[in-house]
Each structure stands twice: as structure tokens, then as C-alpha cells.
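S.K.: Below is a structure I'd like to ask you about.
The values are calculated or read from the model by the stated rules, or taken from the named source; none is laboratory data. Being a predicted model, the structure only gives us computed values, none of them experimental. Glycine also receives a Cβ, built like all others from the backbone with ideal geometry; neighbour counts cover every protein chain displayed. Remember, those area values only see protein heavy atoms, side chains included, never the ligands or the DNA or RNA. Shrake-Rupley method; radii C 1.70, N 1.55, O 1.52, S 1.80 Å.
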Amino acid sequence: MKLKSLAFRLFATSAAWTLLVLPIAGLIIYELYRDDVQATFDARLEKLVYAIAVDSMVGAATPIAPNNRYEPLFEDIHSGWYWQIQPIDDATAPRLGSASLDGAEIDIPFRHNIKPDANGARWMNSTGPMGEQLRMVEVIDTPYYHREGPRYSVLVAGPIDWLESRVANFLTRLAVALALTGIGLVTVTLFQVRFGLLPLQRIEQGLAEIRSGAAGKLDGELPAEIEPLQVELNALIASNQEIVDRARTQVGNLAHALKTPLAVITNEAREDKGPLGDKIAEQAEIMRDQVNHYLDRARVAAQVRVIGRATPVLDVLEPLKRALERIHRDRAIDIKITCPPNIRFAGERQDLEEILGNVCDNACKWAERDVRVRVAADSRRMPGRVEITVEDDGPGLSEEERARIGKRGVRLDETKPGSGLGLSIVTDLVQSYRGTLKLAPSTMGGLLVRLELPSA
């Protein structure tokens, strides 16, 4: 998944939202649960303190020890669960405590001037006999028969560790649950993005098939949101084909309209055996060559914009090799081709034949014995391009000669047959396909021609 892709944007935004919301939701749930556990813990302490106050203070002249049926841990020494009844106004009055205190005394909230709540209870967190953290609640009461008598502090304390352990246990389970939920949501998001954008992959494959010539239009059933795009693309392809067909027809008509008068002029001039006839015939031949050349350029200019044209490079090179070896059999030219079978040129077969035919024929003309043709495609240096190099072991060209070659009418050696227009035509064809043609010295000693053309 590329960083700049639509799929990554959808996945990243959804995953970021999930990873942002889940911790916030977890924090809210944790705080609500903590408050609920705290309230439940406090309600339990409050219930215990009022029950102990009633059992120990009502109906007695002095406080009596209540029954310990409320919490069995009151009987376990230093269990963290304690009750205590302590006089406030009379130091000589009796003091009572749970067995769990083992004679120890707990500091009471009344001495810290803590204000009572609406129910008359005072709340405080403090330490117990063993230094443990305690949550305590205190009520101030007097014996039933001595309402105006000395006041007593009735206190119940419970371990904060009991509260924290339950909250911590819940936090662990909550974290695991949210983590699994987050992983599940991110996985579902990834699947959703992949599944939702699957029609775009089908469009990409369809367009690749059209570009490679395997299909003529974008077929297949697509979602309603993408169907208008499919219709417009097919209409564009059909319109492009109609324009090309119209251009080809016009080029053919123009070729017929020009070639017929030129043929008449040439024939008439040849019947005239004088200098004027020879001159007219010569110029007519030049005009015919120029007309053919520019009509070919016009044809290529129309064809290179046609979607779906593809030519296997190896299918062009192999018959070309056989033909050139027959032509130059008297010189025993050895042509070696290195070309993967799956490399295809995005253009017309006859154009590739003309490009490679001119370049390879030129290499064979100048080679001493060996000609090498290498083809590569879709490298990091040139994605979407096919690179064709043709080199020979001939005399090669100087830098000045390489700069001059390719210009119309320029010939470097009249000893070789040809009109001198071959490489110029190749240059025009390559440029029509938005390719490049470069000349360089070959490691074999001759000339190296490097062509870069669009690949299908």
C-alpha cells in the first residue's frame, strides 16, 4: 500500500480514528467503573458503621461490643477491616475495637476537623496499624439513655487495596478487550478498504489490457458510482478510434491524390529524352520520396495515440535477423539477439519493423563480423519504457560524425548503398512515439545505437 494511494489515506484515517477513540472510550469506562466501585465500597462501609452504631449504642448506658456478623474479616488480625468505638468527650470512658485491631488504635476523622456529609458521616483516607492504606467512615453518636452524655466516635475502616485490586483487575481486562477490539477494527478497516476499492483494481487491469491490446474496451460489471466512469472511458476510446480512422482515411486519400499526378509527371518526363525531362523526373522522384516520408509521419502521428496497440519485440527481431543474415551472407555477419519474450512495444508493428530494420541494416553494413541486439524493459531507470541497443564491431563514428548523423541528406560515406534518409526516418518515428535515439561508442569497437520507446 503506497503512502500516496487512496487506499492508504482511507486506511490511515480510519485506523487513526479508531486508535484515538478507543483509548478515550477506555478512559471514560475506567473512570465510570472506578467511581461505581468507589461508591459501592463507600456504601458498604456506611452500612457497616450505622449497623455497628445501632447495635453498640442503642439500649445501653455505655457502648457494648456489637456482634461481628457483619464482616468475618473483623475477626482476622490486621486484615484491613476494622471497627472502633472511641469516646470523644471523656477519656475515661470505655473504648471498643474489633479483634482485627489487636488492641491498636486508629486515628479518627473527628480530630482532623473533617466536616460530616448530609448523612452525618465523616470520610477520610488514612493508614492502619500496619501502615496499610485505609478508607474509613465515622459517625458521632451517644448512648441511648444518655443523649446528653459523652459522645462516641463509631468508625469502620476497609482496605483501599481491596478497591484498587478490583479496579486494576478491571483495567487489565478492559485494556485487553479494547486492544483486541482495536486490532479487529483495524483488520476490518483494511478489509473494507481493500474490498471497497476492488472495482478500481478491476478498472486498472481493464485499462492495462486495453493499453496492451488484449481488450478493445472496458468490460465488466462495476458499482453504480463507478459505472459512469466506465461509460465515459469506453466513449473516449471509441472516439479516439474514430479520429484515428478518419485521419488514416484522409492520409490515404491525400497519398492517392498526390502520387497519381506525380506518377503521370514522372512518366511524361521520362518520355522526354532531353535534359529538361531528366531534371523533371529527378525532382519528381525527390518529391515522391518526400511525400512518402511526410505521409508516413502523419500516419505515425495518428497511430501513436491509439490506445491498445502492442507489438512483441522478439517477434519483429527474429524474422529481421533471418532476413539480414541472408542479405549479408557473403560477409558472414553474425547477429546475436538478447530479448525476453514478454517485452512489447506500445505501437504499430510496421513502425517497429521500420525502426529496427533501418538501425540493424545500418549496423550490418558497417560491421566487420558481429552485431549485437539487446532489449530490456521496465527498469527503475526507465519505468514504462523499452530500451533497445544495437552495436557492431565496425569502424564506428567520431563525436563530430555522431552529432551530424541523422540530419536529412547527410551521408558520411557514399560507398554504402542507400538514400541517406534511413536514420532520419528512424529519428522521426522514434520522436513520434516520444522516444529517444542516442549514438555512442560501442565496446565492440563500432557504433552503439540506444533506442528508448514506450513499452506495453
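S.K.: Please verify whether segment 158-168 includes one or more residues that are in a strand (DSSP E or B) and of a type outside the set (Val, Ile, Thr).
M.R.: Yes: one or more hits.
S.K.: Moving on. Taking Asn119 as the residue in question, decide whether it is open to solvent by 40 Å² or more (accessible area, probe 1.4 Å), within 30 Å of Ser56 (Cβ to Cβ) and not in a loop (DSSP other than H, G, I, E, B).
M.R.: Spelling it out, it is not the case that Asn119 is open to solvent by 40 Å² or more (accessible area, probe 1.4 Å), within 30 Å of Ser56 (Cβ to Cβ) and not in a loop (DSSP other than H, G, I, E, B).
S.K.: Which of the residues belonging to segment 13-54 are among the β-branched types (Val, Ile, Thr) and over 30 Å from Leu185 (Cβ atoms)?
M.R.: Thr40, Val49, Ile52, Val54
S.K.: All but one of (1) more than 37 Å from the chain's Cα centre (by Cα); (2) of a type outside the set (S, T, N, Q); (3) not in a helix (DSSP H, G or I) hold for Ile388; state the number of the condition that does not hold.
M.R.: The single condition Ile388 does not satisfy is (1).
S.K.: Could you look through segment 394-411, keep only residues that are at pLDDT 80 or above and more than 48 Å from the chain's Cα centre (by Cα), and pick out the one that is nearest to Arg372 (Cα to Cα)?
M.R.: The selected residue is Gly394.
S.K.: May I pose another question? Only one of Glu71, Glu138 is under 21 Å from Ser56 (Cβ atoms) and either touching a Ser or Thr at 6+ places or on another chain (Cβ under 8 Å) or touching a residue at least 40 places away in the same chain (Cβ under 8 Å) (or both). Can you tell me which?
M.R.: Only one candidate passes the filter, namely Glu138.
S.K.: Mind counting the residues in segment 260-293 that are over 22 Å from Leu429 (Cα atoms) and open to solvent by 60 Å² or more (accessible area, probe 1.4 Å)?
M.R.: Final tally of qualifying residues: 17.
S.K.: Quick one: would you say Ser56 is part of a loop (DSSP other than H, G, I, E, B) and either under 19 Å from Ala121 (Cα atoms) or at pLDDT 85 or above (or both)?
M.R.: Criteria not met by Ser56.
S.K.: I would also like to ask the following. Among (1) modelled with pLDDT under 80; (2) open to solvent by 40 Å² or more (accessible area, probe 1.4 Å), there is one condition Ile210 misses while meeting the rest; what is its number?
M.R.: Failing condition for Ile210: (2).
S.K.: Being surrounded by fewer than 16 Cβ atoms within 10 Å (Cβ to Cβ) and either of a type in the set (D, E, K, R) or modelled with pLDDT of 85 or more (or both) is the filter here, so list the residues in segment 1-21 that pass it.
M.R.: The answer is Lys2, Lys4, Arg9, Ala12, Thr13, Ala16, Trp17, Leu19, Leu20, Val21.
S.K.: Let me ask something else. Check Tyr70, Tyr33 and return the single one that is modelled with pLDDT under 90 and of a type in the set (Ser, Thr, Tyr).
M.R.: Tyr70
S.K.: A further question on this structure: Count, please, the residues in segment 59-114 that happen to be within 23 Å of Asn125 (Cα to Cα) and open to solvent by 80 Å² or more (accessible area, probe 1.4 Å).
M.R.: 9
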